[in-house]
Structures are given as C-alpha cells and as structure tokens.
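Undergrad: One structure, pasted below without further comment.
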Amino acid sequence: MMKIRLWGVRGSIPCPGETTVAYGGNTACIELRVGEEERLFIIDAGSGIRALGNYLMQHDLPKGPIDTSLFISHTHWDHIMGFPFFVPIFIPSTRLKVYGPVTYEEEGLKDIVGGQLSYRYFPVKHSELAANISYHPLKESSMDLGDGLWVTTKYLNHPILCLGYRFEYRGKVFCTAYDTEPFRNVFPTDPDAPGYDPIAAEEGERAAKEENEKLLRFYQGADLLIHDTQYTHREYEESKIGWGHSTFEFAINSAHKAGVKHLLLFHHDPLRTDEQLDDLIGNYRGRVKSKTDMIIEGAREGMEIVLD
C-alpha cells in the first residue's frame, strides 16, 4: 500500500486568499506513506511542509520518534522555503535524511537548504537544530529504500538541476514530474537564421526527441503521476518557453502515451483562481473523455490517494 497526501500544490509562491481556498495556496509538499507500518517519506519542502510538520507532531510523535526522508525535486525557493518552519527539525529525537540534486558543486544541499537557517534570514541557525539531519546528493539512479520499496530518479527540463521521482512498491508505481517542460531543440532550424548549422540542428532534434521519450519510459504504466501543468499551451507559446514548466496539453498527452492510470495536474500558477482552475480542468477532461480511460484531476491540498 502507498498512501499519498498533498500538503501543497501551488507553484512559484504561496498565494493564500479567498480565490484559492478550494485548490490551496501552499507550494509543493507531498506526504507518502508506505506499507502496513506506514513508513513516512516527504517530497519537497515548500510552504505546505509547515502544516505537515504540525500534523506529525500531533499524530506521529506520540507514537515514537519521527524518522523520515525528504526528497527534494530541486532547490528553487518555492520547493524549500517551508523547511525552517518544519517543527520536527527542532525535536532532538527526529532523524531526517534529505535527498536532492545540487547544481553548484561548491554548495551542497546542507548549504542551500539549511542555509535558510542563518541569522540574516531566520532567528535560529542550522547548527542550533536539535534533530539528527543528514544530507545526500542525488543524480539519476535507482535506490533500495528497504522492505521492497525502490525509488528511481530522472533529470527533468528546468533552469536548475531537477529530479523526478518514481516510487515502486509491490507492483504499484507513483511518479512525480515537476518542475519540467518539454525538451526542445535549442539550435536554429531555419536555414536563414544567424548561426544555422544543419548538423547541430539535426542533432538538437534527435536529442530533444530522445529525452522526451526517456520521460515517457520513466513514468510508463504509473498508477499515479503528479505532473507540472502551470501553463496552457497558448500561455507557454506566447511567453513562457524556457521557464521550466509544462502545459496541460503536454502533461495529458504524455501521460496517455505512457499508459498512466491516474494523472494529477500540479504546480498551479499563483495567478490562477479556483474558478479558473475548475474551468480549465473541466475543459481538458471533456476534450479527452472519449479518447482515454485515464483519471484526470486537479491536485488539491488535503487530497489523499491510496494505491493498494
């Protein structure tokens, strides 16, 4: 059994308010419970991790010390900003392993994630934390997490190194693919364009196609895929290319091609209201209803999905 609960589904910056109540305004944080013992794993430490930490203090700590792993997709601020407010890091009995990619070799995860806890930003320094915290850099790989649980990582297409996660347990598969956008040819393909090189253009097309196919294989047959859908295709084409986020169209088409059973549309634009999300998601579901049996839903704070 894998149980997934969403604590933050918004992209870029928290946006609380009366127009975001239904879907939620907190940035990315996902709780994963595995097996009968409900082993705890956390994906991303956006502002949503604050509420998760409070929940763990009330429901988990009374049963024993909190022992968990935090998998960070990347170190952009909206995905780590909640870490200083995660109460378990102030508890001596807590054991926390932090995993994630790092772009700059001279600064490790501890420097980037833990660096938020310095007097220039926060009243408590990282060195003053009571919990036992360790940091583990990740690249593309597969890792045995014990008791039959495996996690596989895949580099995504974002302005900073970013990882997707594929968790597999007793035949069930849960994947994340955010923040990411379609891989594309970065070389000019117009023969009249300055700097056009036919060999580079051809190689760029091949490389982009290859990387997009790797992504399809990464979440092939997933029981649940949580995928970045910050933009519509029109928004993306008009001004968002290269920003590192996907469209509704790309996520739905890719998930369908990969045989995904359940797709959650995630990383909602901070400007998107509940009403706008309802309209967009309803429209896309209607357009593909006759073409796929895949379940398509918009990610909402508090949503819980069980894969059993």
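The values are calculated or read from the model by the stated rules, or taken from the named source; none is laboratory data. As the structure is a computational prediction, the values presented were derived from the model and not from experiment. All Cβ positions, glycine included, derive from the backbone under ideal geometry; neighbour counts span all protein chains shown. Note: accessible area is taken over every heavy atom of the protein model, side chains too, but ligands, DNA and RNA are not part of it. Shrake-Rupley method; radii C 1.70, N 1.55, O 1.52, S 1.80 Å.
Undergrad: Which is farthest toward the positive dipole end of region 2-307 among Thr27, Leu145, Leu225, measuring Cα position about the Cα centre, with Cβ charges +1 (Lys, Arg) and -1 (Asp, Glu)?
TA: Leu145
Undergrad: Pro159: net charge of surrounding residues, Cβ under 14 Å, Lys/Arg +1, Asp/Glu -1, itself excluded? Could the numbers behind the result be given before it?
TA: Working: positive: Arg184, Lys240; negative: Asp78, Asp179, Glu181, Asp228.
Computed value for this residue: -2.
Undergrad: Also: Given a 1.4 Å probe, how much area per residue of region 2-307 is accessible, in Å²? If you can, show how the numbers build up before the last one.
TA: Numbers: 14480 Å² over 306 residues.
Accessible area per residue: 47 Å².
Undergrad: With all distinct Cα pairs included, what does the Kirkwood hydrodynamic radius of region 158-277 come out to in Å, to one decimal, could you say?
TA: Details: mean 1/r = 0.0642 Å⁻¹.
Radius from the Kirkwood sum: 15.6 Å.
Undergrad: Quantify how much of the Cα-Cα distance distribution of region 1-153 extends past 28 Å, in percent. Mind dumping the intermediate values first?
TA: On the way: 1987 of 11628 pairs.
Within region 1-153, distances greater than 28 Å cover 17 percent of Cα pairs.
Undergrad: How big is D, in µm² s⁻¹, for region 201-245 by Stokes-Einstein at 4 °C and 1.567 mPa s if Rh is the Kirkwood radius over C-alpha pairs? Working shown, then result.
TA: Details: Rh = 12.6 Å.
Result for D is 103 µm²/s.
Undergrad: Just list whichever of Lys209/Lys261; Lys172/Lys240; Lys97/Lys240; Lys3/Lys125; Lys240/Lys289 have alpha carbons separated by over 31 Å in the model shown.
TA: Numbers: Lys209/Lys261 24 Å; Lys172/Lys240 34 Å; Lys97/Lys240 34 Å; Lys3/Lys125 34 Å; Lys240/Lys289 28 Å.
With Cα atoms farther than 31 Å apart: Lys172/Lys240; Lys97/Lys240; Lys3/Lys125.
Undergrad: So, one more: Could you work out what % of the accessible surface of region 2-307 is carbon and sulfur, using a 1.4 angstrom probe and leaving DNA, RNA and ligands out of the count?
TA: Values: 7290 of 14480 Å².
Reported share for carbon and sulfur atoms: 50 percent.
Undergrad: Specify the angular offset, from 0 to 90 degrees and rounded to the nearest 10, of the alpha carbon long axis of helix 274-288 from the longest principal axis of the alpha carbons in the chain.
TA: 50
Undergrad: Sticking with this one: Most mobile of Met143, Met81, Met294 per a Gaussian network model of the chain (Cα springs, under 10 Å)?
TA: Met143
Undergrad: Which value at 222 nm does the chain reach when only helices count, each DSSP H run of 4 or more adding -39,500 (n - 2.57), with the total divided by all residues and rounded to the nearest 500 deg cm²/dmol? Show your work: numbers first, answer last.
TA: Numbers: 5 runs with 62 residues, N = 308.
Counting only the DSSP helices, I get -6500 deg cm²/dmol.
Undergrad: Kindly give Rg over Rh for region 144-203, based on alpha-carbon atoms, with the Kirkwood expression for the hydrodynamic radius. Walk me through the numbers before you get to the answer.
TA: Values: Rg = 18.2 Å, Rh = 14.4 Å.
Here Rg/Rh amounts to 1.26.
Undergrad: Taking the Cα centre as origin and putting +1 on Lys and Arg beta-carbons and -1 on Asp and Glu beta-carbons, what dipole magnitude results for the chain, to the nearest 20 debye? Present the calculation step by step, with values, prior to reporting the outcome.
TA: Numbers: 32 positive and 45 negative charges, 167 e Å.
The dipole of the chain has a size of about 800 debye.
Undergrad: Could I ask something else about it? Can you run the Rg to Rh ratio on region 2-307? Use alpha carbon positions and the Kirkwood inverse-distance Rh. Please report the intermediate quantities before stating the final value.
TA: Numbers: Rg = 19.6 Å, Rh = 20.1 Å.
For region 2-307, the value is 0.98.
Undergrad: Against the longest principal axis of the chain, how steep is helix 198-218, in degrees 0 to 90 to the nearest 10, with axes from Cα atoms?
TA: 40
Undergrad: Work out from phi, with θ = phi - 60° and the Karplus expression 6.51 cos²θ - 1.76 cosθ + 1.60, the ³J(HN,Hα) of each residue of region 128-141, listed in order in whole Hz, and give x for Gly and Pro.
TA: For region 128-141, the Karplus-derived couplings read 8, 5, 8, 5, 8, 10, 10, 10, 9, x, 10, 10, 5, 5 Hz, x marking Gly and Pro.
Undergrad: Rounded to the nearest 5, what % of the DSSP beta bridges within the chain are antiparallel ones?
TA: On the way: 31 of 60 bridges.
Given both bridge residues lie in the chain, the antiparallel proportion sits at roughly 50 percent.
Undergrad: Give the peptides 37-43, 182-188, 246-252 in descending order of average Cβ contacts within 10 Å, highest first. Kindly include the intermediate steps, with their values, before the conclusion.
TA: Numbers: 37-43: 18.1, 182-188: 16.0, 246-252: 23.1.
Those peptides, ordered most packed to least, come out 246-252, 37-43, 182-188.
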